[in-house]
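**Student:** Attaching a single structure in structure tokens format; questions to follow.
The values are calculated or read from the model by the stated rules, or taken from the named source; none is laboratory data. What you are looking at is a predicted structure, and each value in this text was computed from that prediction instead of being measured. Here Cβ is always computed from backbone atoms with ideal geometry, including for glycine, and neighbour counts include all displayed protein chains. Calculation scope for accessible area: heavy atoms of the full protein, side chains included, ligands and nucleic acids excluded. Shrake-Rupley method; radii C 1.70, N 1.55, O 1.52, S 1.80 Å.
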Amino acid sequence: MAGSTLEIKNLHVAIEGEEILTGVNLTINGGEFHAVMGPNGTGKSTLASAIMGHPKYEITEGEVYIDGKDVLEMEVDERAQAGLFLAMQYPSEISGVTNSDFLRSSINARREEGDEISLMKFIKEMDGTMDLLEMDKNMAQRYLNEGFSGGEKKRNEILQLMMLKPAIAILDEIDSGLDIDALKVVSKGINQMRDDNFGCLIITHYQRLLNYITPDKVHVMMKGRIVKSGGPELAQRLEDEGYDWIKQELGIEDETVGQKA
Amino acid sequence: MTVEISLGYDKEYVSKFSEGLNEPEWMKTLRLDALQQAERLPMPKPDKTKIDRWNFTKFTHDLRGEKMESLAELPDQILNFIDQNKDEQNLLIQKDQRPAFASLSQSLKDNGVIFTDMKTAVKEYSDLVEKYYMKDGIQVDEHRLTALHAALMNGGVFVYVPENVQVEEPLQAIFWQEDPEAALFNHVIVVADKNSSVTYVENYISHNNEEEEAVTNILTEVFAHDNAKVSFGAVDNLGAGTTTYVNRRGVADRDAKIEWALGQMNDGYTISENYTYLMGDNALGDAKTVSVGRGNQKQNFTARIVHYGKASEGYILQHGVMKDKATAIFNGIGKIEHGATKSNAEQESRVLMLSKDARGDANPILLIDEDDVTAGHAASVGRVDPMQLFYLMSRGISQKEAERLVIHGFLAPVVNQLPIDAVKEQLTQVIEGKVN
């Protein structure tokens, strides 16, 4: 079998004692693009952050495996080493650390000592990727995300994705705050990653992104779990009709979970 | 507190010490007057730091450091501070307060640049040194430690750059305390005469542990005359047993600039004062400092810029990292005197705490006696942001490495300002050693 497999089984997650995920089941294989959609406040971003090990989220029940290895037992950096990547909705700004130094440290962190990427190879690869993402070259020498615009931060997340080449990537609202041109560029980068060794979980609020990236499977989240799954046609129907028909079908009155919308 | 200087350091000792160095009469008189004053003057009172139990009196003063034949005799830990690839070194090394090595390029000598140890300067450039020595910069009678310094000064450096001379290559001084109990009463004077410029970098180094007690009492006076520019860099790296009082003071005349980049990495108790007086119109003072506290270290840092000249500009940036049970106070003071119209005083103090027992206080203070000015300050004390660590670690970087990146990034604004690459790298390594 090509690529890696991420298995999420009956995942329950709480934040400050309040349950946000109420039993998520999802399996992503290498070569597959999955989209998780749903209205605000249904737990989509919590799913993304919890899988990566965000310090604020507490796993109360369930399991997550990558290629059979227990992800929940791993530290955050070990999860990345195991092949996971999270493109964050709100990337941190880190002063004094240049984008390029950070990227090189990240690449070398997954290589053996003595097998670090050569500076020439690194620069060449970064230059090429930045060209593809239509990024200003001086962003390599700027401090990590510091003073970046919303759009620049999102491109920078995709730059990292493309340079680090994870087995499974989770993209948390990578489309939010992007204008149509930026959306096209970001989508181009993500589509370029598509092959049998790469699986992707795209979390989005809008169907818009899926005009540029065609998912193999579409899942709808409500009340902290996946309530409906289908193919790309499901995304199209959500675009045309909204979420009400699902709520009606399933008898859900309030689709949100927890107190925060 | 009774005066422990009577423990062997009396009038007779000071007279003999001065005579032994063949000093001119003015210096001997200054020392003896200062000794008298030291007996009655109070200790300095750094804000929020009690220093009454600090060791300022237990040390060895009369030292016999040896001259070196070549740089090869230096241990690696000193050699690392020197850029050895250069053909011509503008370098002065003082070992236990004795000049051990000195080198200045011929072109600078030909231009009249003076770069020599203080004991030699007092004899050979007596009038010039007298003109600047504890007159318009630091006064003898500010408190007991300034007076004690004046009485017991036992080393240092004198730099003079004549009018219109631009010194392109940095001048570097290394003050090495090899004898673990040696007292450094070090006096540094840097004078940039009209329309001249110079970059000076100094390193204080010792490796004494907590049981090996010593004292340093460092006074530094920097003068930038009209339209002159002085870039002053320092890495203080004195061992845990050394109690340090260091006072670096600048006086900037019309259109002059003084830029400080200070890496304050001592392991012992430290009081550090960095004052800049902007006397002339359009003068500029820029003070950037970084410090790391560890162990049970107590430190007090004050950066103060005083505006007298119109349209003068003062910038203070202090970044500190505190770990273990270290305590530090960071005072940033911008003072605008009446009449210094159109002046601008800006300051920023940031403290990063790495353990729950560490303590750091940032006190931004603006004292303004003039209406037509601009001023601003920012201060923060906090811990490493868990979200930053999460972000870095989510890319596969270990927690230790992630913390290292955040700390280096936090200190980078000052580290990057240091003018000599070897010193910059050395400071980075010193930081590495202290935070890990």
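**Student:** Grab the other residues whose beta carbon is less than 13 angstrom from that of B:GLY409, score K and R as +1, D and E as -1, and report the net.
**Tutor:** So the surrounding residues net to -3.
**Student:** What is the local net charge at B:GLY314, summed over the other residues whose Cβ is closer than 10 Å to its Cβ (Lys, Arg +1; Asp, Glu -1)?
**Tutor:** Details: positive: B:ARG304, B:LYS335; negative: B:ASP286, B:GLU313, B:GLU346.
That sum, taken over residues with Cβ under 10 Å, equals -1.
**Student:** Ignoring ligands, DNA and RNA, please state the percent of accessible area on region B:47-123 from carbon and sulfur, probe 1.4 Å.
**Tutor:** Its accessible area is 40 percent carbon and sulfur atoms.
**Student:** Using a 10 Å cut-off on Cβ atoms, rank the peptides B:418-427, A:178-187, B:30-39 from the highest mean neighbour count down.
**Tutor:** B:418-427, B:30-39, A:178-187
**Student:** Also: Of the cross-linked pairs B:LYS119/B:LYS229; B:LYS310/B:LYS335; A:LYS188/A:LYS228; B:LYS325/B:LYS424, which ones have a Cα-Cα span greater than 18 Å in the structure shown?
**Tutor:** Details: B:LYS119/B:LYS229 26 Å; B:LYS310/B:LYS335 13 Å; A:LYS188/A:LYS228 28 Å; B:LYS325/B:LYS424 27 Å.
Distance filter (> 18 Å) returns B:LYS119/B:LYS229; A:LYS188/A:LYS228; B:LYS325/B:LYS424.
**Student:** So what is the accessible area of chain A per residue, in Å², with the probe set to 1.4 Å? It would help to have the intermediate numbers written out before the result.
**Tutor:** Values: 11290 Å² over 261 residues.
Dividing the accessible area of chain A by its residue count gives 43 Å².
**Student:** Let me ask something else about it. Quick check: at a probe of 1.4 Å, how many percent of the accessible area of region B:176-242 sits on carbon and sulfur atoms?
**Tutor:** Answer for region B:176-242: carbon and sulfur cover 34 percent of the accessible area.
**Student:** Highest GNM mean-square fluctuation, chain A, Cα pairs closer than 10 Å: which of A:GLN160, A:GLN236, A:GLN192?
**Tutor:** A:GLN192
**Student:** Of B:PRO180, B:PRO386, B:PRO162, which is the most mobile in a GNM of chain B whose springs link Cα atoms less than 10 angstrom apart?
**Tutor:** Evaluated over chain B, the most mobile residue of the options is B:PRO386.
**Student:** Next up: First select every other residue whose beta carbon is under 15 angstrom from the beta carbon of B:ASN111; then total the charges, Lys and Arg +1, Asp and Glu -1.
**Tutor:** Neighbourhood net charge equals -4.
**Student:** Right, another one. Rounded to the nearest 100 Å², what's the accessible area chains B and A bury against each other, both chains counted, probe 1.4 Å?
**Tutor:** Approximately 1900 Å² gets buried when B meets A.
**Student:** Here's something else I'd like to know. Highest mean first, what order results for B:43-54, A:140-151 on Cβ atoms within 10 Å?
**Tutor:** With the highest mean Cβ count within 10 Å placed first, the list reads A:140-151, B:43-54.
**Student:** On to the next question. Counting only other chains, what is the mean number of Cβ atoms within 10 angstrom of the Cβ of each residue in peptide A:93-105?
**Tutor:** Counting other chains' Cβ atoms within 10 Å and averaging over A:93-105 gives 5.
**Student:** Just grab the label-to-label distance for B:GLU130 and A:LYS184, each label 7 Å out from Cα along the Cβ direction, in nm (one decimal).
**Tutor:** Using points 7 Å along Cα→Cβ, the separation is 8.1 nm.
**Student:** Could you do me a favour and compute the accessible area per residue for region B:122-181, 1.4 Å probe, result in Å²?
**Tutor:** 36 Å²
**Student:** Which residue, B:SER15, B:SER394, B:SER272, tops the fluctuation ranking in a GNM of chain B built on C-alpha contacts under 10 Å?
**Tutor:** B:SER394
**Student:** Expressed as a whole number of Å, what is the distance separating the alpha-carbon centroids of region B:70-141 and region A:145-162?
**Tutor:** So the two Cα centres are separated by 49 Å.
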